[in-house]
Amino acid sequence: MIVIGNIVMAFGYAEFMVPNRFINGGVTSLAQIVNHFAPLDIPMANNFLLGGLLVLALIFLGKEVFAKSLLSSIIYSLFFTLFYNLHWELVINPLIDLLIASILISFGYFACLSSNSSTVGVDVLALIIKKFRPQVNLSYTIRQLNCIVLILGLVSFGILPVVYGIGFTFIYSAELKYMLEHFNK
């Protein structure tokens, strides 16, 4: 499930989110922001950020989550880089792309989280918060962290990509919540 989830998620980001310049608040959005300000391509910035989050996963979430998260980050990095560099023209329409991406990415998160793994995104931070505050709603915390990144995206991408990103954040976090509540056994 971890491998499948990361492949599906990498596809959603590389083929729908990045080409539309949607800023959804995750690590890939941070990589887009870094790319805007520094001469570092998006996959390289993404890999650098993933490395930092892996260190946090090891320190705060333990070896088991780290090992599974390491698998996640390797699979995601490989497939995101592959899909990104293929330059397929899958973009249809921003609203349709947003809906397709939300389904793909929420499934990817679900597959990883239900396997006791992190996607090595802002969910690492959310899992750390949940570890110390178990009453915290995981999908809501991920949504809040995504919104912080969205605010940073205003500087480099303007309002429209952020508006789409906010819409995406609410849609996919609701889909993730539904999947976690109904299919996580």
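The values are calculated or read from the model by the stated rules, or taken from the named source; none is laboratory data. Please read these numbers as outputs of a predicted model, since none were measured by experiment. FYI the Cβ positions are ideal-geometry reconstructions off the backbone, even for glycines, and counts take in every protein chain you see. Keep in mind that these areas ignore ligands, DNA and RNA; they rest on the heavy atoms of the full protein, side chains included. Shrake-Rupley method; radii C 1.70, N 1.55, O 1.52, S 1.80 Å.
Based on what the data block shows, is residue 92 more than 18 Å from residue 117 (Cα to Cα), of a type outside the set (D, E, K, R) and at pLDDT below 90? Step through it out loud before you land on a result.
Values: more than 18 Å from residue 117 (Cα to Cα): yes; of a type outside the set (D, E, K, R): yes; at pLDDT below 90: yes.
It is true that residue 92 is more than 18 Å from residue 117 (Cα to Cα), of a type outside the set (D, E, K, R) and at pLDDT below 90.
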Subject >> Hits in segment 1-59 - residues which are open to solvent by 50 Å² or more (accessible area, probe 1.4 Å) and charged (D, E, K, R) >> reply: 21, 41
Original post:
Hey, residue 10 hits all of (1) in a helix (DSSP H, G or I); (2) without any contact (Cβ under 8 Å) to a residue 24 or more places away in the chain; (3) more than 17 Å from residue 142 (Cβ to Cβ) but one; which does it fall short on?
Top reply: (2)
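If you check 43, 19, 39, which single one turns out to be on the phi < 0 side of the Ramachandran plot, at pLDDT 90 or above and assigned to a loop (DSSP other than H, G, I, E, B)? Before the answer, list the steps.
Numbers: 43 fails: assigned to a loop (DSSP other than H, G, I, E, B); 39 fails: at pLDDT 90 or above.
On inspection, the qualifying residue turns out to be 19.
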Original post:
Taking segment 91-140, which residues are open to solvent by less than 60 Å² (accessible area, probe 1.4 Å), among the aliphatic types (A, V, I, L, M) and more than 27 Å from residue 54 (Cβ to Cβ)?
Top reply: 98, 100
**OP:** Might you let me know whether segment 64-85 holds any residue that is out of contact with any helix residue (DSSP H, G or I) (no Cβ under 7 Å at 6 or more places or on another chain), surrounded by fewer than 19 Cβ atoms within 10 Å (Cβ to Cβ) and of a type in the set (Ser, Thr, Tyr)?
**Re:** no
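Starting from residues that are among the hydrophobic types (A, V, I, L, M, F, W, C) and in contact with a helix residue (DSSP H, G or I) (Cβ under 8 Å, 6 or more places away or on another chain), keep the ones in segment 156-173 and report whichever is most open to solvent (accessible area, probe 1.4 Å). Break it down into steps so the answer makes sense when it comes.
First, the residues of segment 156-173 that are among the hydrophobic types (A, V, I, L, M, F, W, C): 157, 159-160, 162-163, 166, 168, 170-171.
Checking the rest, the ones that are also in contact with a helix residue (DSSP H, G or I) (Cβ under 8 Å, 6 or more places away or on another chain) come to 157, 162, 166, 168, 170-171.
Details: 157: 32, 162: 6, 166: 69, 168: 0, 170: 96, 171: 57 Å².
Filtering first and then ranking leaves 170.
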Subject >> First in segment 13-25 and farther than 18 Å from residue 148 by Cα, second anywhere and surrounded by 24 or more Cβ atoms within 10 Å (Cβ to Cβ) and β-branched (Val, Ile, Thr), Cβ under 8 Å, 6 or more apart >> reply: 13/28; 13/105; 18/28
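Please pick out the residue among 137, 146 that is among the polar types (S, T, N, Q) and farther than 29 Å from residue 94 by Cα.
Values: 146 fails: farther than 29 Å from residue 94 by Cα.
The conditions single out 137.
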Subject >> Close pairs from segment 168-183: first among the basic types (Lys, Arg), partner surrounded by 14 or more Cβ atoms within 10 Å (Cβ to Cβ) and assigned to a helix (DSSP H, G or I), Cβ under 6 Å, at least 6 apart >> reply: 177/139
Original post:
Of these, 166, 142, 151, which one is modelled with pLDDT under 90, of a type in the set (A, V, I, L, M) and in contact with a Cys (Cβ under 8 Å, 6 or more places away or on another chain)?
Top reply: 166
